[in-house]
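As structure tokens, the structure follows; a few thoughts come after it.
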Amino acid sequence: MSIPPRPTRTRRSGIRIVGRALTCAVFALAGLLFYISAQTARGTDLRTDNSLLSLGDVIRQRSSQNQQAQAQLADLQAQAQELAGQQSHNPDDTARMDALRAGTALEPLQGGGLTVTLNDAPPNATARIPGFPEPGVNDLVIHQQDIQAVVNALWRGGAEGVQVMDQRLISTSAVRCVGNTLLLQGRVYSPPYVVRAVGRTDALREAVNTDPTIRNYLQYVQVYGLGWKVQESTDLTLPGYSGTTDLRSAGGQQ
């Protein structure tokens with residue numbers, strides 16, 4: 001039986017050198033990976049990046065910008081009206097221009113009419129009438145269809161002009177709700193929501209009283225305490241529309 005030869009000193013030294021080199025390479029590679037990870041993580045905090053705005057912040061920012069733009073537009077419209085008055089001296093042209101402006105809601109409107117106010121119920125509201133279920137979150141807030149129902153009923157009742165909050169509605173106006181806020185012509189509003197209309201008060205009230213969507217809403221008023229108020233007035237003044245006349249979206253009016 002033969003005995004395997006013993007390794008010489010030179011072979012052992014070579015093994016040690018190769019092992020040390022591999023160890024150094026592994027540590028160098030690990031260090032490089034740690035460095036790259038640190039540099040990458042330093043760039044962005046994925047959980048608390050303050051540059052990301054919530055939808056509500058974006059809407060409020062755009063609403064402020066739209067208010068400034070509408071103020072500038074109103075000033076330009078006033079200047080244009082002044083120039084048109086200086087250039088036109090024909091009574092027939094003036095009468096036609098006044099009729100067109102009245103039809104486009106650009107002029108203030110005054111007369112008798114109705115004011116309708118809708119409001120959320122108290123957050124801790126419960127069923128006021130036995131036999132009805134306790135309310136959910138959606139039962140206690142004003143929805144888009146509630147405001148649209150009031151606006152549509154007033155138009156059907158022969159309203160000469162309608163105002164929601166502080167804005168006059170035109171043919172391209174659209175009532176939209178985002179969460180629990182109203183988005184109207186680029187501006188944001190919170191409840192209570194006030195809708196005003198100039199016209200024959202008896203016809204306006206009849207249209208509101210007979211609207212099926214409003215009747216359904218009034219059941220929630222009785223059971224859960226949603227806000228509802230209708231006031232007649234002999235002297236309402238609606239402002240002229242001062243926003244853009246571009247068609248952005250359709251709806252909210254029949």
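The values are calculated or read from the model by the stated rules, or taken from the named source; none is laboratory data. Fair warning: this is a prediction, and the values are worked out from it, not measured in the lab. With ideal geometry, Cβ positions are generated from the backbone for all residues, glycine too; neighbour counts draw on all protein chains shown. Ligands, DNA and RNA are stripped out before the accessible areas are found, and what is left, the full protein with its side chains, is counted by its heavy atoms. Shrake-Rupley method; radii C 1.70, N 1.55, O 1.52, S 1.80 Å.
Inspect the stretch 237-247 for any residue being open to solvent by 60 Å² or more (accessible area, probe 1.4 Å) and either modelled with pLDDT of 90 or more or at positive phi (or both) and give the result as yes or no. Break it down into steps so the answer makes sense when it comes.
We begin by selecting, within the stretch 237-247, every residue open to solvent by 60 Å² or more (accessible area, probe 1.4 Å); these are 237, 245-247.
Filter again for either modelled with pLDDT of 90 or more or at positive phi (or both), leaving 237.
Yes, that holds for at least one residue.
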Practice problem: Considering each residue of the stretch 94-111, count those that are buried (at least 16 other Cβ atoms within 10 Å of the Cβ) and at pLDDT 95 or above, and give that number. | Solution: 2
Quiz item: What number of residues in the stretch 117-166 are open to solvent by 10 Å² or more (accessible area, probe 1.4 Å) and assigned to a strand (DSSP E or B)?
Solution: 3
Quiz item: Going by the structure shown, is R205 over 24 Å from F132 (Cβ atoms), in a strand (DSSP E or B) and open to solvent by 30 Å² or more (accessible area, probe 1.4 Å)?
Solution: no
Self-check item: Contacts under 6 angstrom Cβ, first residue in the stretch 148-161 being basic (K, R), partner open to solvent by less than 40 Å² (accessible area, probe 1.4 Å), 6 or more apart
Solution: R156/A207
Quiz item: Looking at the stretch 178-187, which of its residues are surrounded by 17 or more Cβ atoms within 10 Å (Cβ to Cβ), among the aliphatic types (A, V, I, L, M) and in contact (Cβ under 8 Å) with a residue 24 or more places away in the chain?
Solution: L182, L183
